[in-house]
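Single-structure report; data block below.
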Amino acid sequence: MKFHEFGNKNQTTVMLIHSLGTTWDKSFSKVIPLLTSHYYVVAVGLDGHNPEEKSDYINGEKEAEQVEKYIQNNLGGKVDVIYASSLGCITALLTAYRRNVTVSNIILDGTADMSLGLFNKPTSNIAGWFGEKILTGRMNGFLKLGGITPEMLQTFLYPGISRKTLKNAFYDAASMFKQIDKMEPYQAVRVSCWYGSKEKLAARGAKKIRKAFLNGKDTLFEGFGHGEILLHPEQFCKEMQRFLNPCMGP
């Protein structure tokens, strides 16, 4: 895991955690320059998604442990807001819920409820193989079912991800809501779930998350697919400011 820092450390701290199949810079290179005028930005590179290191994504627990350690050692044990996309939402939720550090706000973008129950484990083996095909440009048509557009694939896709990372990530994402269902209601952190009107699984996931994280308000982006808000950096920054400063209004 790598942490990349931008801006003035005296400003409000925003941590960014990317999704599966991409990198921190592919995901956030367009939003970081806009955010740094108002915020101190820390972009996280998840294990298994960094061209500069050899690692694999294991699970959100191990990612959260590393994020917590960074926050404790570099941010005084607290962070103002974590934005996380898709797979990164697991790390963000666990970092807040474990309460080893203080997280004031979370934005969860595209929390797709992919649970298949007893089939989560066997399906993850197939998902590793299937993910490799997608990374090499095949079978991309299936991604449309999840609201992922061709433009998003062209912009965000990172082909250097191992089958092990793909397998582990799918299983972790499919099992996430089993963990959430066991969580006691927690109001100390404000949570906003972002999702596009084209991603039904994320809408279902947001409803389940709201049962555990009661404080906050969700945002629907009409006409958008999975994580598509990142293709609109100006709108992304305005929505983040609106969430952190509700008095701004629409």
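The values are calculated or read from the model by the stated rules, or taken from the named source; none is laboratory data. Keep in mind that this is a model prediction, so the values were computed, not measured. A quick note on method: Cβ atoms are made from the backbone with ideal geometry, for glycine too, and the neighbour counts reach across all protein chains shown. Only protein heavy atoms, including side chains, enter the accessible area calculation; ligands, DNA and RNA are left aside. Shrake-Rupley method; radii C 1.70, N 1.55, O 1.52, S 1.80 Å.
Under unit Cβ charges (Lys, Arg +1; Asp, Glu -1), what dipole magnitude, rounded to 20 debye, does region 180-226 have relative to its Cα centre?
120 debye
Given a 1.4 Å probe and heavy atoms of the protein chains only, how would you sort H232, H38, largest accessible area at the top? Don't jump to the answer; show the numbers that get you there.
Numbers: H232 65, H38 95 Å².
Largest to smallest exposure gives the sequence H38, H232.
State the percent of C-alpha pairs, over all pairs in region 5-96, separated by a distance greater than 22 angstrom.
23 percent
In whole angstrom, note down how far apart the Cα centers of region 169-198 and region 1-57 are.
21 Å
Put +1 on the Cβ of every Lys and Arg and -1 on every Asp and Glu Cβ in region 184-250; which of Y195, G225, N215 then has its Cα farthest towards the positive end of the dipole?
Value: N215.
What is the set of long-range amide H partners of T13 at a cut-off below 5 Å, with H atoms built 1.01 Å from backbone N?
Here Y40, D80, V81 satisfy the definition.
Provide the gained length on full extension for the span N8 to D181, in nm with one decimal, where the gain is 0.36 nm per separating residue minus the Cα-Cα distance.
Taking 0.36 nm per residue and subtracting the Cα distance, the gain is 58.5 nm.
In the structure shown, do any of K2/K164; K78/K208; K54/K200 have a Cα-Cα gap over 24 Å, and if so which?
Going by Cα-Cα distance, K78/K208; K54/K200 fall outside the 24 Å limit.
For S27, what accessible surface area do you get with a 1.4 Å probe? Give it in Å², rounded to 10.
10 Å²
Need one value: the accessible area of E53 in square angstrom, 1.4 angstrom probe, rounded to the nearest 10.
Its heavy atoms expose roughly 50 Å² to the probe.
Please give the length that would be gained between E53 and N74 if that part of the chain were fully extended, namely 0.36 nm times their separation in residues minus their C-alpha to C-alpha distance (nm, one decimal). Present the calculation step by step, with values, prior to reporting the outcome.
Details: separation 21, 0.36 × 21 = 7.56 nm, distance 2.14 nm.
So the chain would gain 5.4 nm between E53 and N74.
Beta carbons within 10 angstrom, averaged per residue: use that to sort the peptides 97-107, 186-196, highest first.
Result, highest mean first: 186-196, 97-107.
Eigenvalues of the Cα gyration tensor times 5, then square-rooted: what semi-axes does that give for region 168-244, in whole angstrom, largest first?
Calculated on Cα positions only, the semi-axes equal 22, 17, 11 Å.
Does region 200-243 classify as rounded, prolate or oblate by the C-alpha gyration tensor (a ≥ b ≥ c root eigenvalues; a/c under 1.5 gives rounded; else a/b over b/c gives prolate, otherwise oblate)?
Oblate shape, in that a/c is at least 1.5 and b/c is the bigger or equal ratio.
Out of region 166-250, which GluC sites (Glu not before Pro) are coil in DSSP terms and have no more than 15 other C-beta atoms within 10 Å? Before the final figure, lay out each step's value.
Working: sites: E199, E222, E228, E234, E239; in loops: E199, E222.
Within region 166-250, the qualifying GluC sites (Glu not before Pro) (loop, at most 15 other Cβ atoms within 10 Å) are E222.
Can you find, among N59, I82, T111, the residue farthest towards the positive end of the dipole of region 1-113? Put +1 on the C-beta of Lys and Arg, -1 on that of Asp and Glu.
My answer, from the dipole projection, is I82.
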